[in-house]
Amino acid sequence: MDHLISLNDLTLEEIEQILNLSEKLKKQQQEGVTHHYLKGKTLGMIFTKSSTRTRVSFEVGMYQLGGYALFLSSNDIQIGRGETIYDTAQVLSRYIDGIMIRTFAHSDVEDLAKYGNIPIINGLTDLMHPCQILADLFTVYEHKGTLKGLKMAYLGDGNNIANSLLHGCSKVGMDVAIGSPKGYQCDEQVISEAKEAAKISGSNIILTEDPVEAIKDADVVYTDTWVSMGQESEKQSRIKIFEPYKVDGNLFAKAKEDAIFLHCLPAYRGYEVTEEIIDGSQSVVFDEAENRLHVQKAIMALLMDK
Ligand code: CP
Ligand code: NVA
């Protein structure tokens, strides 16, 4: 594993390695045991979109690992004024030991990896959010004790979260159902990669426009905003289209009785999920947010401790 750009690039063994190290690092953190895997190492964090969780968890995670993190807003670095990815990758590779980038075009992240010679971590693109989904799998494992054989239901926009969920669940052998309206389904290439992975893991992939079919008997129910960063001008039309996919008490009741609720956050209560569900007893969204820290520390340690 040289980079973390798409979950499709990881083997099941690599995913298990990340989750196992996450568990160990979480325990060490809770017990106050020093774990300076990245003493003296520096991570650059490039952001061309907003962030609360990703920014804070990477920065704090790097500090806890004994390293240092630099926040590089695209407004402040030359990339925002048109310096090429090639030059940026070459230059940053001379100063720092790894880059986490959050941006729009997925190809920019791939190009950074291609032109630089340090590990690149995808902190969200329009297409994928692999760090989020690794934290989600870890959270499901903590609450359910297993991944294989469970059913994950995602309702709403076939966006970056849904795409990475398809990749992640199909690798670890979880059944995954995506309920999304016509025209807002997951990326075609991601779907075909997930179907390939499912052949090996035995996971079952359901792609449907019917929210009830998607959520039926699910062990885990997941949703995300209907309006991702960069889609603000489509807000009004999206709110109408996605209404039937709102996770409310009625829809959630179709999942298994002991289903847990996940949301990557930020959440928009009253739109993709009602307060009753996200603030209810089956919601584990803050455990999920916390686990971004532990899982990303594992990812950085595995990629940068070389
Ligand atoms: N879930 C997530 O990536 O949150 P931020 O946008 O706050 O980083
Ligand atoms: N789909 C959302 C996820 C935010 C973490 C977005 O891209 O804005």
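The values are calculated or read from the model by the stated rules, or taken from the named source; none is laboratory data. Every value quoted in this text rests on a predicted model; they were computed, and no experiment measured them. Don't worry about glycine lacking a Cβ; one is built from the backbone with ideal geometry, like all the others, and counts go over all protein chains shown. Remember, those area values only see protein heavy atoms, side chains included, never the ligands or the DNA or RNA. Shrake-Rupley method; radii C 1.70, N 1.55, O 1.52, S 1.80 Å.
Got a number for residues in region 257-283 being loosely packed, with under 14 Cβ neighbours inside 10 Å and out of contact with any Phe, Trp or Tyr (no Cβ under 8 Å at 6 or more places or on another chain)?
Here the count works out to 9.
Of all residues in region 217-245 being in contact with a strand residue (DSSP E or B) (Cβ under 8 Å, 6 or more places away or on another chain) and more than 16 Å from ligand 2 (Cβ to nearest atom), which is most open to solvent (accessible area, probe 1.4 Å)?
Taking the candidates together, the pick is Asp217.
Give just the number: which of (1) open to solvent by less than 60 Å² (accessible area, probe 1.4 Å); (2) without any contact (Cβ under 8 Å) to a residue 40 or more places away in the chain does Tyr68 not satisfy?
Going through (1) open to solvent by less than 60 Å² (accessible area, probe 1.4 Å); (2) without any contact (Cβ under 8 Å) to a residue 40 or more places away in the chain one by one, Tyr68 breaks only (1).
Quick one: which residue in His129, His106 is touching a helix residue (DSSP H, G or I) at 6+ places or on another chain (Cβ under 8 Å) and not aliphatic (A, V, I, L, M)?
Every option except His129 fails the conditions.
Could you list all residues from region 21-80 that are of a type in the set (Asp, Glu), over 23 Å from the mean Cα position of the chain (by Cα) and modelled with pLDDT of 95 or more? Steps first, please.
To start, the set of residues in region 21-80 that are of a type in the set (Asp, Glu) comprises 23, 31, 59, 76.
Applying the additional criterion that residues be over 23 Å from the mean Cα position of the chain (by Cα) yields 31, 76.
Glu31 - this is the single residue of region 21-80 that is of a type in the set (Asp, Glu), over 23 Å from the mean Cα position of the chain (by Cα) and modelled with pLDDT of 95 or more.
So Gln132 passes all but one of these: (1) open to solvent by less than 40 Å² (accessible area, probe 1.4 Å); (2) in contact with a strand residue (DSSP E or B) (Cβ under 9 Å, 6 or more places away or on another chain); (3) within 16 Å of ligand 1 (Cβ to nearest atom); (4) modelled with pLDDT of 95 or more. Which condition number does it fail?
(2)
Here's a check for you: in region 185-200, which residue that is of a type in the set (Gly, Ala, Ser) and open to solvent by less than 20 Å² (accessible area, probe 1.4 Å) is nearest to ligand 1 (Cβ to nearest atom)?
This residue is Ala194.
Restricting to region 19-65, count the residues that are outside any helix (DSSP H, G or I), within 13 Å of ligand 1 (Cβ to nearest atom) and open to solvent by less than 60 Å² (accessible area, probe 1.4 Å).
The qualifying residues number 5.
Considering only region 42-98, state which residues are within 16 Å of ligand 2 (Cβ to nearest atom), over 15 Å from Pro119 (Cα atoms) and not polar (S, T, N, Q).
Selection gives Phe47, Lys49, Arg53, Arg55, Val56.
So for region 148-155 (the condition being under 15 Å from Leu12 (Cβ atoms) and surrounded by 23 or more Cβ atoms within 10 Å (Cβ to Cβ)), does at least one residue qualify?
No, every residue in region 148-155 fails to be under 15 Å from Leu12 (Cβ atoms) and surrounded by 23 or more Cβ atoms within 10 Å (Cβ to Cβ).
Among the candidates Phe242, Phe261, single out the residue that is of a type outside the set (Lys, Arg), touching a residue at least 24 places away in the same chain (Cβ under 8 Å) and farther than 30 Å from Glu23 by Cα.
Among Phe242, Phe261, only Phe242 is of a type outside the set (Lys, Arg), touching a residue at least 24 places away in the same chain (Cβ under 8 Å) and farther than 30 Å from Glu23 by Cα.
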